[in-house]
Each structure stands twice: as C-alpha cells, then as structure tokens.
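Bear in mind these aren't lab numbers, they're just calculated from the coordinates by the rules spelled out. A quick note: this is a predicted structure, and the numbers were derived from the prediction, not measured. When we count neighbours, we look across all protein chains shown, and the Cβ atoms used for this are built from the backbone with ideal geometry, even at glycine.
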Amino acid sequence: MEGDPQQMPVISVFFGIVIRMFYREHGVPHFHAEYQGQQATFTFGGELLAGTLRSRTARQLISEWAMAHRAELDANWHRIKAGEPLEGIAPLD
C-alpha cells in the first residue's frame with residue numbers, strides 16, 4: 001500500500017475499523033481499512049485488493065459498509081482527484 005496510513009484522512013470508523021483514503025493514489029478506485037494493526041485495501045464494491053485482515057467478520061463488515069456507501073466513496077474519489085477535502089461517511093450501524 002502506498003503512503004503512511006497515519007497521513008491518510010480518516011473518512012469513517014466503526015467497530016474498531018478505521019477507513020481512510022489517500023490523496024496521491026491512482027489506479028482502480030479504492031480505500032484502506034485498518035483493524036487491530038492489520039491493513040488492507042478494498043474496492044468500492046467491498047472486494048479485497050491487497051493486504052491482510054485475518055478477521056473474516058471485519059472483512060464482511062467492511063464489504064457491507066462499502067456496498068452501502070458506494071456512491072459516497074465514489075464522490076470522495078472524485079474529490080481526491082480534484083484535490084478537494086474529503087467528506088466523512090457514516091459508520092456501519
């Protein structure tokens with residue numbers, strides 16, 4: 001994964017999972033998830049692209065959240081490309 005996770009803006013937090021996006025990235029639209037010190041990259045459809053999250057439950061929650069907020073993730077991706085501030089996205093209930 002590119003960039004220092006501590007430098008990526010946090011866009012959502014739920015059940016101990018931290019979701020971030022990074023301004024200098026490219027390629028397929030994606031976001032980063034961190035859970036219990038593990039990091040992974042996901043598509044806006046909730047598919048794992050890279051990294052490891054050993055918790056199957058965490059992966060399922062991230063996938064559910066991504067699918068529920070796909071339009072907001074896409075809007076934030078466009079903000080990244082325009083150099084605009086990101087908007088927070090509601091956590092998973």
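Given the structure, is residue 91 surrounded by fewer than 19 Cβ atoms within 10 Å (Cβ to Cβ) and touching a helix residue (DSSP H, G or I) at 6+ places or on another chain (Cβ under 8 Å)? Here the answer is yes, as residue 91 does meet what is asked.
Would it be correct to say that residue 88 is more than 13 Å from residue 11 (Cα to Cα) and out of contact with any Gly (no Cβ under 6 Å at 6 or more places or on another chain)? Against the criterion (more than 13 Å from residue 11 (Cα to Cα) and out of contact with any Gly (no Cβ under 6 Å at 6 or more places or on another chain)), residue 88 does not qualify.
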